Structures are given as structure tokens and as C-alpha cells.
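What follows is a single structure, written as C-alpha cells, with notes after it.
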Amino acid sequence: MPLFDLSLEELRTYRSASAEPEDFDAFWSKTLQEAREHDLDARFEPVDTGLATVQVYDVTFAGFGGHPVKGWLTLPAGTAQPLPLVVEFVGYGGGRGLPHEHLLWASTGRAHFIMDTRGQGSAWGGGGGTADPVGGAPSYPGFMTRGIDDPENYYYRRVFTDAVRAIEAARSHPLTDASRTVAIGSSQGGGITIAVGGLVPDLVGIAPDVPFLCDFPRAATLTDRHPYREIGLFLKTHRGRTQDVLRTLSYFDGVHFAARGAAPALFSAALEDQTCPPSTVFAAFNAWAHDDKAIEVYDFNDHEGGGPYQQAAKLRWLRAYA
């Protein structure tokens, strides 16, 4: 696929036209306050995986609405002192998978927590195990338009709240060092990472790769790939609702969370990425509020982005923070 978006020079100065709701902060403060009225109830059950180099815990904690959310906590075998913590969020359609799929970060001597994504986990990888018990108004198949009738009902309100609670749950384990917590993720996981970076003020770093859920007004009209295309297909049927939909999405746009980013950040973008177009990634990166930020750019890659090269970049970057 040849380059289809802005030039790299234009990307470095691009700013989103997404309108921030006046009550954005109040909306999220209320949402998290309501979630914290439920006991976190984080439970860590040791798992016999047959792996000699790590200890794995099957984790359950209370997310949005007190609903049970699953995760894996993986520690280097024999850990006796609190370790820096890497919390990871997964891509669209995936779940937490199986423990042996996630060994990189524990292999660096850090604690690693990966959150299951409610209602997902049936499209790729080793699956998921977290239900989404909340219903909603009619939507297009997928997750992008579930509850899109109102910000209070929107699917990602629940997911982003789960993610904040995942940070809290992982930090509650006695062998994780809460003061050295980093959030990472790719695609949808990158979008969740940006949201967490705007909602959790004391992270030491975030690393979103080819992030999804950014600059909705541009993304929904620039690419015809799913998942963003779900929005257009919903509006193709529900004529005349564009402004209402964009209003709901504005409460979940990575650009607005980025404006509240209080930690160092390493982003990545791919210039041939039609799933998460580079201008939408740069919209969030350029809005990221912390001065210590960098972005890796992969000129001839699609949504796979930097792949193992970006993993290596994150391994180098993270040494300075956790």
C-alpha cells in the first residue's frame, strides 16, 4: 500500500479537530468515583503453567460496575522484593490469552500484568474470559458502536474504567512496586494505554504502539478498514445521527486523554497503516502533554507497525523509567 495520509512533515505538526466536551474531566471523575465504590477485590491465584522461569497468577478484580475482570500477573521465578510493573492492554478482538504467550516483560526482571478486555477474546490469540454484562441500544456488529447512543452507555466507558482498575489491582500485589508503573499496548491496547495515561496521574511512562481510538472525526472518514468502519456503517443505516455519535466518541478520544498526559511517552506509528492511520496517531502524540515524548516511525509498514523492532525500542526506552 503506498502512502495515503499526510506527509511525515505534515504529520509532525498535525492537530486534531476533535472537539473536547466541556465536562470531560467531570465525566471521568464521576465514572471512576462510581467504580471505586465497589471493593477492588483483587484475587491472585497461583497457576501451574509448567514454566520454570516465571510464576503466574490468575487474577480477578472488580472493574466497571463491580463486574469481574480477568488478567494474568507474571513474575520472575523466585521474586522476593517488589519489582517495577508493566501493565499491558490488548488489541481489538483479543483477550488475555494463555500465560506462555506473554513472557517478554517478566524476562526483563519486571512484573507484568495483562488485562482481559471485557466481551472480547474470540477473534485471535488464546482467547479471553471476561464477560460484558451490560446491554445497550442497537449497534453495528463489533464493539465500536455498542452503547453509542450516550457517553454513559458507551462500551469504552466500561473498558477504560476496567483499565484504571487493572492498574490499581496490579499495584495491590505485594511484589509489585506501585511507584514504578508503566502502561503499554498496541492498537486497541495502545488506545487504552493513552486513556490510562490521561486518567492515572502517577505512571512513570506509557508506550502506545500504532494506537487505535484516536481522532475519531478523521479516522471515521479517512479509512474504510474495520474497526473504524463500524462507525460509518452504523451511520449509513442510522441517518442523521452523525453529530450525536461524534459527541459520544469525543469523551473517549485519545487526543483528549493525551492532553492530560503526565508521564514520559514512547509512541509508534506506521505510515502505510490503514487500520490506525498515521495522522490519527500523530494527533494523539502531538497532543501528549508531557515534554518527554518520542515517536518511532515505520515508513513502509501497515498495522503491524514496528513489530519486534518496536519491542526492542521499548526495551531500550524503558531502562530509563522502570
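The values are calculated or read from the model by the stated rules, or taken from the named source; none is laboratory data. Predicted model, so just to flag it, every value in this text is computed and none were measured. FYI the Cβ positions are ideal-geometry reconstructions off the backbone, even for glycines, and counts take in every protein chain you see. Please note that ligands, DNA and RNA were not included when accessible areas were found on the heavy atoms of the full protein model with its side chains. Shrake-Rupley method; radii C 1.70, N 1.55, O 1.52, S 1.80 Å.
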Next on the checklist: Quick test of your reading of the structure: H226 fulfils all but one of (1) farther than 26 Å from V200 by Cβ; (2) of a type outside the set (S, T, Y); (3) touching a helix residue (DSSP H, G or I) at 6+ places or on another chain (Cβ under 6 Å). Name the failing condition by number.
Outcome noted: (3)
Item to check | Selection count where residues are open to solvent by less than 70 Å² (accessible area, probe 1.4 Å), among the polar types (S, T, N, Q) and part of a helix (DSSP H, G or I), scope the stretch 296-312 | outcome: 1
Checklist entry - Restricting attention to the stretch 25-71, which residues are within 30 Å of A258 (Cβ to Cβ) and small (G, A, S)? => result A26, S29, A35, A42, A62, G63, G65, G66, G71
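Residues are listed down the side, and each one gets a yes or a no for (1) farther than 24 Å from P264 by Cα; (2) surrounded by fewer than 24 Cβ atoms within 10 Å (Cβ to Cβ); (3) at pLDDT below 95; (4) charged (D, E, K, R):
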site: T145; (1), (2), (3), (4): yes, no, no, no
site: I148; (1), (2), (3), (4): yes, no, no, no
site: N153; (1), (2), (3), (4): yes, yes, no, no
site: V159; (1), (2), (3), (4): no, no, no, no
site: V164; (1), (2), (3), (4): no, yes, no, no
site: A169; (1), (2), (3), (4): no, no, no, no
site: S172; (1), (2), (3), (4): no, yes, no, no
site: S179; (1), (2), (3), (4): no, yes, no, no
site: A183; (1), (2), (3), (4): no, no, no, no
Checklist entry - Any chance the stretch 15-30 includes a residue that's among the aliphatic types (A, V, I, L, M), open to solvent by less than 60 Å² (accessible area, probe 1.4 Å) and out of contact with any Gly (no Cβ under 8 Å at 6 or more places or on another chain)? => result no
Checklist entry - If A283 satisfies every condition in (1) closer than 21 Å to A166 by Cβ; (2) out of contact with any strand residue (DSSP E or B) (no Cβ under 9 Å at 6 or more places or on another chain) but one, which is the exception? => result (1)
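Conditions (1) under 20 Å from D209 (Cβ atoms); (2) in contact with a Gly (Cβ under 8 Å, 6 or more places away or on another chain); (3) of a type in the set (K, R), marked per residue:
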| residue | (1), (2), (3) |
| --- | --- |
| L103 | yes, no, no |
| P138 | no, no, no |
| G147 | no, yes, no |
| I167 | yes, no, no |
Checklist outcome for this item: Of (1) assigned to a helix (DSSP H, G or I); (2) under 17 Å from P21 (Cα atoms); (3) aliphatic (A, V, I, L, M), L233 satisfies every one except (2)
Checklist entry - How many residues are assigned to a strand (DSSP E or B) and either at pLDDT below 95 or in contact with a Leu (Cβ under 7 Å, 6 or more places away or on another chain) (or both) if we restrict to the stretch 264-295? => result 1
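Of the residues A263, A270, A289, A320, which is within 17 Å of S186 (Cα to Cα) and either in contact (Cβ under 8 Å) with a residue 24 or more places away in the chain or surrounded by fewer than 20 Cβ atoms within 10 Å (Cβ to Cβ) (or both)? Talk me through it step by step, then tell me what you get.
Details: A263 fails: within 17 Å of S186 (Cα to Cα); A289 fails: within 17 Å of S186 (Cα to Cα); A320 fails: within 17 Å of S186 (Cα to Cα).
Residue meeting the stated conditions: A270.
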Checklist outcome for this item: Residues of the stretch 37-79 being without any contact (Cβ under 8 Å) to a residue 40 or more places away in the chain and open to solvent by 60 Å² or more (accessible area, probe 1.4 Å), in sequence order, are E37, H38, D39, D41, R43, E45, P46, D48, G50, A52, Q55, G78
Checklist entry - How many residues are within 15 Å of Y155 (Cβ to Cβ) and of a type in the set (S, T, Y) if we restrict to the stretch 70-121? => result 2
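Which ones in the stretch 229-252 are open to solvent by less than 40 Å² (accessible area, probe 1.4 Å) and farther than 17 Å from G147 by Cβ? I'd like the intermediate steps shown before the answer.
Filtering the stretch 229-252 down to residues open to solvent by less than 40 Å² (accessible area, probe 1.4 Å) leaves 230-235, 245, 248-252.
Selection gives G232 alone.
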Checklist entry - Counting only residues that are farther than 15 Å from Q310 by Cα and either modelled with pLDDT under 95 or within 12 Å of the chain's Cα centre (by Cα) (or both), which one in the stretch 200-227 is surrounded by the fewest Cβ atoms within 10 Å (Cβ to Cβ)? => result F212
Checklist entry - Is there a residue in the stretch 108-122 that is in a loop (DSSP other than H, G, I, E, B), over 24 Å from D41 (Cβ atoms) and modelled with pLDDT of 95 or more? => result yes
